[in-house]
Each structure stands twice: as structure tokens, then as C-alpha cells.
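Comments concern the structure below.
The values are calculated or read from the model by the stated rules, or taken from the named source; none is laboratory data. The shown structure was predicted, so the numbers you read here are calculated from the model rather than taken from an experiment. Note that we place each Cβ from the backbone using ideal geometry, even for glycine, and neighbour counts take in every protein chain shown.
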Amino acid sequence: MNVSGLIRRALLYVSAVALCLVALESAAIPLWAQQSSQDPELQMGQEVFEGLKAKGEIVESSPLYDTLRPIAQAIGQAAQPRYNHPFKFYLVHETQPNAFSAPGGNVYVVDSLLYFVKNKDELTGTLCHEVSHTIHHDTMTLMEKEERIVEREIGAAILLGADGLQMLGIALIGKLHSLSYSRDVESRADLTGSDICAEAGYNPWGLVWLFQDFENTGQGDVPQLLSDHPTNQNRVNALERHFRENPAVFGKFNHDPKSGGPLSVPKNAAETFLD
């Protein structure tokens with residue numbers, strides 16, 4: 001090989017090494033921050049919204065919103081000072097009663113959850129818990145950890161450019177429902193959620209009642225919020241301790257489940273889905 005050929009090979013080698021170093025440096029930056037100057041939580045939240053919309057799960061209109069809307073407005077008003085993006089609540093249609101939140105402020109309520117809970121306070125407790133995950137940036141933190149795992153799984157995807165990053169993003173969003181928080185993270189969301197419930201004027205014992213209902217009935221068709229975490233008694237104990245330590249906030253609320261606010265949910269409510 002002549003000298004010019006050796007020089008070209010050396011230059012290609014140096015360029016390849018430099019590209020790998022840039023890629024490794026970029027890998028330390030969250031995917032969502034690499035793709036756009038937009039707030040990464042808003043961007044991720046929009047990706048989740050578009051994914052649910054593409055699957056035809058988001059309910060655009062339904063009488064069920066008449067039940068959800070006043071509760072959601074009260075929660076949003078109480079929680080908003082704790083987060084820098086507006087909270088928005090959407091009904092979605094899925095097989096299991098559930099609620100989940102995405103970064104950026106969107107909270108998704110599975111329609112069947114409204115039929116699963118026994119009163120307004122159980123529903124409010126569930127939604128305040130999910131709002132708290134957003135306030136604590138729990139989903140964002142978990143997704144960034146998952147991103148690093150996915151990056152290792154697909155190796156050089158970071159070198160594929162915009163298309164590769166988009167594929168990585170789609171893979172991450174697909175894992176959103178399967179991610180699970182640690183017990184400490186869940187318990188922290190319980191406590192913040194109970195504070196928000198109290199500020200919104202709903203009984204923070206509602207989440208305790210929901211845990212107790214689950215324990216009494218055993219495994220079954222229950223929200224993922226509960227089914228992923230069988231040691232619910234630990235979380236109940238933490239909530240009850242939180243209530244005792246803050247009597248000025250929680251002392252006025254009745255711990256008896258019979259005191260729960262009635263929830264009126266229309267049967268066989270029609271639904272129109274967002275195209």
C-alpha cells in the first residue's frame with residue numbers, strides 16, 4: 001500500500017474514533033434532550049400522547065368526563081404550584097382499570113377505573129398518587145434508566161442519527177406501562193398524593209381504603225397501581241403514620257370508608273375516540 005493510502009486509512013481510523021467518542025459523550029445526555037431544545041418532559045409526554053392516540057385509546061368525548069372533570073379540576077388546582085407544566089386529564093380505554101401519568105403533566109385514567117373504585121375519595125387518591133409521580137419526576141427518571149438499558153441492547157443505535165433515535169424513543173415509550181417503581185418511590189407518591197387530596201378537599205383516606213379493598217379481595221382485576229405492589233400494608237402503615245404526624249392537615253377527615261363521597265358513573269357510557 002502506498003503512503004497516500006496509509007494516510008487515508010489513518011484519517012478514517014481517527015475519524016471513526018472521534019465519532020465513537022462523540023457518541024459516547026452524547027449517550028450521557030438523555031435521549032429526550034438530544035433530540036430537541038424543547039423541554040424533555042414535554043417532548044416525552046407528547047410522544048406518549050401520540051402513541052396512545054395512534055392506538056385509538058384516548059377518549060375524546062364521553063359522559064364519563066362529567067364524572068371525572070370536577071375531580072380532575074380540583075386536583076389540578078391543588079397540585080399545580082408543585083409542577084411547572086399544566087396538568088391535563090384524559091380518559092383512555094384499556095383492558096385493566098388503571099391510571100398512569102406521563103412527564104409533562106398528562107394524566108391518563110382508564111375508563112373502567114371509574115367503575116372499579118367505590119367512591120370519589122378512592123378515585124381522587126389514585127389520581128393524586130399519579131400526579132405525584134409527575135411532580136417528583138419519577139417516570140422521567142425511570143425512563144432515563146430504561147433508556148440506558150435499551151441503548152446497550154441495541155448497541156450502536158446512537159450512531160444511526162435521527163431515525164435511530166426515533167426508534168429508540170418508540171422502544172422506550174412502549175415500555176412505559178411495564179415499568180415499575182420501587183416501594184420507596186411509591187410510598188413517597190402516596191404521601192404527596194395524600195397532601196394534594198387534602199388540599200383539593202377530598203378525603204386522603206381514599207387511597208388507604210383502596211389498598212384495604214385490594215387486600216380483602218385478593219388478586220384480581222385491579223389497577224396496576226396495586227397489582228404491581230403486593231406489600232400494600234407497608235404503604236398503608238406509612239400513610240397512617242403521615243396522617244397521625246400531621247393532625248392539623250388530616251385530623252378533620254373521617255377514616256371510616258362509609259364516609260366516602262358517592263360517585264355517580266353512568267352505565268354503558270358511550271365513548272368517542274380521538275382520531
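What are the residues in the range 225-258 that are in a loop (DSSP other than H, G, I, E, B) and at pLDDT below 80, if any?
Once the filter is applied, which keeps residues that are in a loop (DSSP other than H, G, I, E, B) and at pLDDT below 80, the range 225-258 yields D228, H229, P230, T231.
How many residues are loosely packed, with under 14 Cβ neighbours inside 10 Å and not hydroxyl-bearing (S, T, Y) when one looks only at the range 261-275?
So the answer is 6.
Results for (1) of a type outside the set (S, T, N, Q); (2) at pLDDT below 90, shown as yes or no for each residue.
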{"position": "N119", "(1), (2)": "no, no"}
{"position": "S132", "(1), (2)": "no, no"}
{"position": "T139", "(1), (2)": "no, yes"}
{"position": "L142", "(1), (2)": "yes, yes"}
{"position": "R152", "(1), (2)": "yes, yes"}
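Is it the case that some residue within the range 103-110 is modelled with pLDDT of 75 or more, closer than 23 Å to N203 by Cβ and touching a helix residue (DSSP H, G or I) at 6+ places or on another chain (Cβ under 7 Å)?
Yes, the range 103-110 has at least one match.
Just to check your reading of the model, which residue among T67, T141, T134 is over 16 Å from the mean Cα position of the chain (by Cα) and over 14 Å from A200 (Cβ atoms)?
Going through T67, T141, T134 in turn, just one is over 16 Å from the mean Cα position of the chain (by Cα) and over 14 Å from A200 (Cβ atoms): T67.
Just give me the residues in the range 53-65 being part of a helix (DSSP H, G or I) and at pLDDT 95 or above, in sequence order.
The answer is L64, Y65.
Residue by residue through the range 107-123, note down the ones that are farther than 28 Å from M44 by Cα and aromatic (F, W, Y).
Passing the criteria: Y115, F116.
Tell me, which residue of the range 246-255 that is in contact (Cβ under 8 Å) with a residue 12 or more places away in the chain and out of contact with any Pro (no Cβ under 9 Å at 6 or more places or on another chain) is surrounded by the fewest Cβ atoms within 10 Å (Cβ to Cβ)?
N254
Please work out which one of (1) out of contact with any Ser or Thr (no Cβ under 6 Å at 6 or more places or on another chain); (2) in a helix (DSSP H, G or I); (3) farther than 30 Å from A198 by Cα; (4) modelled with pLDDT of 50 or more is the condition S15 fails and give its number.
Single failed check for S15: (4).
Can you name every residue in the range 58-74 that is closer than 16 Å to L114 by Cα and buried (at least 16 other Cβ atoms within 10 Å of the Cβ)?
I58, V59, S62, L64, Y65, T67, L68, I71, A72
Yes/no matrix, rows are residues, columns are (1) in the same structural domain as I135 (by TED's automatic domain parsing); (2) not in a loop (DSSP other than H, G, I, E, B); (3) not small (G, A, S):
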residue: T67; (1), (2), (3): yes, yes, yes
residue: P70; (1), (2), (3): yes, yes, yes
residue: Q73; (1), (2), (3): yes, yes, yes
residue: A79; (1), (2), (3): yes, yes, no
residue: N84; (1), (2), (3): yes, no, yes
residue: L91; (1), (2), (3): yes, yes, yes
residue: T95; (1), (2), (3): yes, no, yes
residue: P103; (1), (2), (3): yes, no, yes
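Would you please name the residue that is surrounded by the most Cβ atoms within 10 Å (Cβ to Cβ), looking only at residues in the range 173-212 that are charged (D, E, K, R) and modelled with pLDDT of 80 or more?
If we take residues in the range 173-212 being charged (D, E, K, R) and modelled with pLDDT of 80 or more, then D190 is surrounded by the most Cβ atoms within 10 Å (Cβ to Cβ).
Just one of (1) in contact (Cβ under 8 Å) with a residue 12 or more places away in the chain; (2) under 28 Å from P262 (Cβ atoms) trips up H85, so point out which.
(2)
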